[in-house]
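Notes follow once the structure below has been shown.
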Ligand code: FES
């Protein structure tokens, strides 16, 4: 189940896409802090934090 549009960045501040985050998750980088450090996601306005957490939860299963 994927409710995210793959063409739109999940984090508008950093331009990070859900695809990039899912790819990190598959490499074992599965916590918000590490994902944020690797992509810049959640390091701006923080407005994407909930979406990123949901994506992590959905991707880990
Ligand atoms: S949208 Fe991700 S930090 Fe602003």
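The values are calculated or read from the model by the stated rules, or taken from the named source; none is laboratory data. The model shown is predicted, which means the values in this text are computed figures rather than measured ones. Ideal geometry is used to build each Cβ from the backbone, glycine not excepted, and the neighbour counts take in all protein chains shown.
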Is at least one residue of the stretch 17-32 within 14 Å of the ligand (Cβ to nearest atom), modelled with pLDDT of 95 or more and loosely packed, with under 13 Cβ neighbours inside 10 Å?
no
Complete set of residues in the stretch 33-61 that are near the ligand (Cβ under 9 Å from one of its atoms), within 11 Å of residue 14 (Cα to Cα) and under 10 Å from the mean Cα position of the chain (by Cα)
36, 40, 41, 42, 48
